[in-house]
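Here is the structure we will look at.
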Amino acid sequence: MHDPQLLLTLKRENEELKNSARKPRREQRMLQKRAKERIVLLLGGKDSAEYSMHSKDYFHEMWASFYTKFGVTSFWDTLLHDFDDALVWIGEWMPAVKEVQVVPCLLCEEKPGTLDTGEGVICETCAQIMGELA
């Protein structure tokens, strides 16, 4: 017959392993990579004015929400049994709704500026025209 004490011990040890096992660090980096891809997508590309202006806030908000959702203090601490859910969560994450100030193109003043020139933001159309003239 089965020893009830042994079964209890095995169940407890199994639960302890489940609550402490993590992916190797190189695989944990997938969380970091997925987060960067998500925020780049949400902000219109790494070279966009939106990314320049808001990426730090987005990263801060995403990781703060992630830590709360998964009960960790770093994405490195994500448990093995939460890892797949964490990847999905990051891929679907949306920032809290905030009023976003739309800055018009510095040149045409008609379309929203999306490319930061250092002196202001310009739209894609004006950037193409300037590129053709340069």
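The values are calculated or read from the model by the stated rules, or taken from the named source; none is laboratory data. Nothing here was measured: the structure is a model prediction, and the numbers come from that model. All Cβ positions, even for glycine, are placed from backbone atoms using ideal geometry, and neighbour counts span all protein chains on display. These accessible areas exclude ligands, DNA and RNA; they are computed on the full protein's heavy atoms, side chains included. Shrake-Rupley method; radii C 1.70, N 1.55, O 1.52, S 1.80 Å.
The table below gives the values:
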| item | result |
| --- | --- |
| Spacing of the two label points (7 Å from each Cα toward its C-beta) at Arg29 and Ser74, in nm | 1.6 nm |
| Amide proton proximity set for Gly113, modelled H, under 5 Å, gap of 5+ | Val103, Cys105 |
| Segment Glu37-Glu110, extension gain: residue separation times 0.36 nm, minus the distance between their alpha carbons | 23.3 nm |
| Whole-Hz couplings from phi, Karplus 6.51/-1.76/1.60, listed for region 81-91; x for Gly and Pro | 6, 9, 4, 5, 5, 5, 4, 5, 4, 4, x |
| Karplus (6.51, -1.76, 1.60) ³J(HN,Hα), θ = phi - 60°, over region 57-63, in Hz, Gly and Pro reported as x | 5, 5, 4, 4, 5, 4, 5 |
| Accessible area per residue, Å², region 36-78 with all protein chains present, probe 1.4 Å | 57 Å² |
| Gained length - Asp57 relative to Asp85, 0.36 nm times residue gap less alpha-carbon distance | 7.8 nm |
| Of Lys33/Lys56; Lys23/Lys69; Lys56/Lys111, pairs whose Cα-Cα distance is over 23 Å | Lys56/Lys111 |
